[in-house]
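The values are calculated or read from the model by the stated rules, or taken from the named source; none is laboratory data. Not measured: the values here are computed from a predicted model. Don't worry about glycine lacking a Cβ; one is built from the backbone with ideal geometry, like all the others, and counts go over all protein chains shown. For the accessible areas, the whole protein counts, side chains as well, though only heavy atoms, and no ligand, DNA or RNA atoms are used. Shrake-Rupley method; radii C 1.70, N 1.55, O 1.52, S 1.80 Å.
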Amino acid sequence: MDDSIDINPTRRGLLIGGALSATAAAIPSVAMAQTPGATSGGAATTPAPVQNKVALRVNGQRYEMDVDTRTSLLDLLREHLHLTGTKKGCDQGQCGACTVIVDGRRINSCLSLAVMHEGAEVTTIEGLGTPQKMHPMQAAFVKHDGYQCGYCTPGQICSAVAVLDEIGRGTPSHVTADLNVKPLLSVDEIRERMSGNICRCGAYSNIIDAITEVAGGKVLGGKA
Amino acid sequence: MKAFTYQRAATPAEAAAAAARVQGARFIAGGTNLLDLMKLEIETPPLLVDVNGLGLDKIEPTPDGGLRLGALVRNSDLASDARVRRDYAVLSRALLAGASAQLRNKATTAGNLLQRTRCPYFYDTYQPCNKRVPGSGCSAIGGYTRGHAIVGQSEACIATHPSDMAVAMQLLDAGVETVRPDGLKRTIPIADFYRLPGNTPHIENNLAPGELITAVILPKPLGGKHYYHKVRDRASYAFALISVAAVVQPDGSGRVALGGVAHKPWRMPAAEQQMKNGAKAVTDQLLGGARTTEENAFKVPLVQRTLAAIMAQSKAAATQA
């Protein structure tokens with residue numbers, strides 16, 4: 001066990017080192033290229049990277065930095081702030097592994113530019129709880145084995161926390177029978193609302209059990 | 001992704017003017033389709049004008065009893081609005097049938113209308129696509145066409161418009177309110193907003209360069225029973241194979257619009273004259289000129305059966321009432 005604890009930071013260090021050298025290799029074009037928009041166009045033209053300032057709060061802490069305008073919120077969290085709990089799955093908004101909560105709403109952080117989140121309040125899996133003091137949803141996922149490989153889990157948990165909030169606020173879903181009454185807290189509702197989070201290991205039924213437990217066992221059609 | 005300059009605009013007119021100054025500039029709102037395409041370098045705007053701070057995120061009543069939906073209202077907020085749920089249920093239903101909750105939390109009213117009409121070959125940058133590279137050819141024609149258009153297509157493009165929301169907007173006769181770079185405002189009826197592919201499939205709507213959508217106007221409520229039935233390969237988070245939006249009145253008259261069959265939401269007044277004559281009569285009108293392939297011929301009977309199911313439901317509801 002001690003070995004693996006030693007190995008992990010090393011592997012992480014290597015990856016970060018690799019990412020930095022890749023960035024360094026790209027830098028010469030900054031000095032040489034013209035500013036975008038001023039370029040004459042054509043396939044051979046590589047527009048120069050553009051830096052922009054962004055200030056936002058992540059898990060209660062304020063950060064202000066200069067980032068390449070192309071930086072996604074996901075890459076800002078992982079590569080700049082080293083909050084690697086949020087995962088990059090498809091990087092196209094299809095898998096949900098990158099789900100975080102921004103200003104109280106869950107979004108795919110891969111399909112969002114960091115510079116567009118000026119003044120935002122971001123909550124990642126690290127902000128929900130810690131290994132010593134887990135969020136009830138984290139504890140329930142552990143208890144019900146709501147994962148196998150664990151890669152989609154941070155996104156699943158952020159999404160699940162938001163689902164219960166959305167149902168509580170009366171937000172309708174595709175399976176809500178009557179749009180004009182508060183949606184039921186049911187397994188069908190939870191399944192539909194979690195459809196943006198894919199689990200390739202197929203831990204779905206255990207994930208539903210975990211969410212059901214946190215919902216307080218009042219879920220229609222649920223086990224608890 | 002190609003590098004780009006990023007700019008926040010203070011007013012809609014300023015945003016339109018900023019975008020008009022740089023060729024290829026794009027507005028960004030939710031970014032859920034644009035950023036996806038920028039990662040693949042299918043879209044390579046040199047400038048992004050962020051319109052999120054323009055205050056266009058309100059839903060307000062109009063003087064003639066309708067609703068003015070701000071361009072920046074998030075899809076989840078629009079679907080949840082009590083007035084929309086009560087008076088324009090077909091719009092709520094269509095929105096809730098689209099994408100995932102995470103995407104609906106970001107995607108906006110205007111952005112949803114402006115998502116690209118697309119097919120898998122558009123995303124495959126190794127294959128020709130007239131929409132991606134005008135004049136390069138269409139890989140879908142003669143390719144795998146199960147999800148493709150059966151009406152209104154051309155020799156240049158057979159892609160379908162993927163929006164559910166736009167089908168409901170078409171049904172409701174929405175108006176698209178815009179501001180142009182010179183500051184002039186206009187409202188484009190949704191029926192005149194989208195274009196069929198013809199020889200220019202890369203031009204999908206009738207907006208002028210730099211023209212910014214500021215709101216979508218819903219006329220006063222239609223009453224009747226509202227339906228949005230989406231048929232897809234999985235129960236959630238998939239594009240429509242076909243979808244049917246309908247408002248049915250107690251006397252059996254009504255409106256019908258289709259998704260998943262054409263380059264734009266598909267609706268015909270002549271077909272709606274046939275509402276009392278049943279689903280086959282309506283479908284014959286709507287899809288009379290259909291040009292199908294072996295792989296997508298199923299869409300014609302699927303539309304008819306889906307519409308028949310809606311009509312049966314509305315009849316049952318009328319009997320109960």
Rolling a 1.4 Å sphere over the protein heavy atoms, what is the accessible area per residue of region B:165-321, to the nearest Å²?
44
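Taking N as the number of residues in region B:1-153, what value does Rg over Cα atoms divided by 2.2 N^0.38 Å take?
Details: Rg = 17.8 Å, N = 153, 2.2 N^0.38 = 14.9 Å.
Expressed relative to 2.2 N^0.38 Å, the Cα Rg reads 1.19.
Computed over the Cα atoms, what is the radius of gyration of region B:111-236 divided by 2.2 N^0.38 Å, N being its residue count?
Values: Rg = 16.4 Å, N = 126, 2.2 N^0.38 = 13.8 Å.
Ratio of Rg to 2.2 N^0.38 Å for region B:111-236: 1.19.
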Along each of its three principal axes, how wide is the spread of alpha-carbon positions in region B:173-214, in whole angstrom units, largest first?
31, 24, 11
Chains A and B: buried accessible surface, both sides, probe 1.4 Å, rounded to 100 Å²?
3500
Just to be sure I understand the curve: with the Debye formula and one point per C-alpha of region A:65-224, what is log10 I(q)/I(0) at q = 0.11, 0.15, 0.17 Å⁻¹?
-0.43, -0.79, -0.99
Over all residues in B:91-104, what is the mean tally of Cβ atoms on other chains that come within 10 Å of each residue's Cβ?
6
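Viscosity 0.890 mPa s, temperature 25 °C: Stokes-Einstein D of region B:213-321 from its Kirkwood Cα radius, in µm² per second? Please report the intermediate quantities before stating the final value.
Details: Rh = 14.7 Å.
Using the Kirkwood radius from Cα pairs, D works out to 166 µm²/s.
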Report, to two decimal places, the Cα Rg of region B:195-265 normalised by 2.2 N^0.38 Å (N = number of residues).
1.43
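Take the alpha-carbon positions of the protein assembly as shown, form their convex hull, and give its projected area averaged over all directions (one quarter of the hull surface) in nm².
On the way: hull surface 107.7 nm².
Hull-based average projected area comes out at 26.9 nm².
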Both in Å, the radius of gyration and Dmax of the C-alpha trace of chain B are 19.3, 61
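Just to confirm the filter: which GluC sites (Glu not before Pro) across region A:127-224 are DSSP coil and have at most 12 other Cβ within 10 angstrom of their Cβ?
Details: sites: A:E166, A:E189, A:E192, A:E213; in loops: none.
Counting only loop positions with at most 12 other Cβ atoms within 10 Å, none of the GluC sites (Glu not before Pro) in region A:127-224 qualifies.
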Listed residues A:C95, A:C149, A:C201 arranged by accessible area, highest first, probe 1.4 Å:
A:C149, A:C201, A:C95
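Averaged per residue, what accessible surface does region A:121-224 expose to a 1.4 Å probe, in Å²?
Working: 4860 Å² over 104 residues.
On a per-residue basis, region A:121-224 sits at 47 Å².
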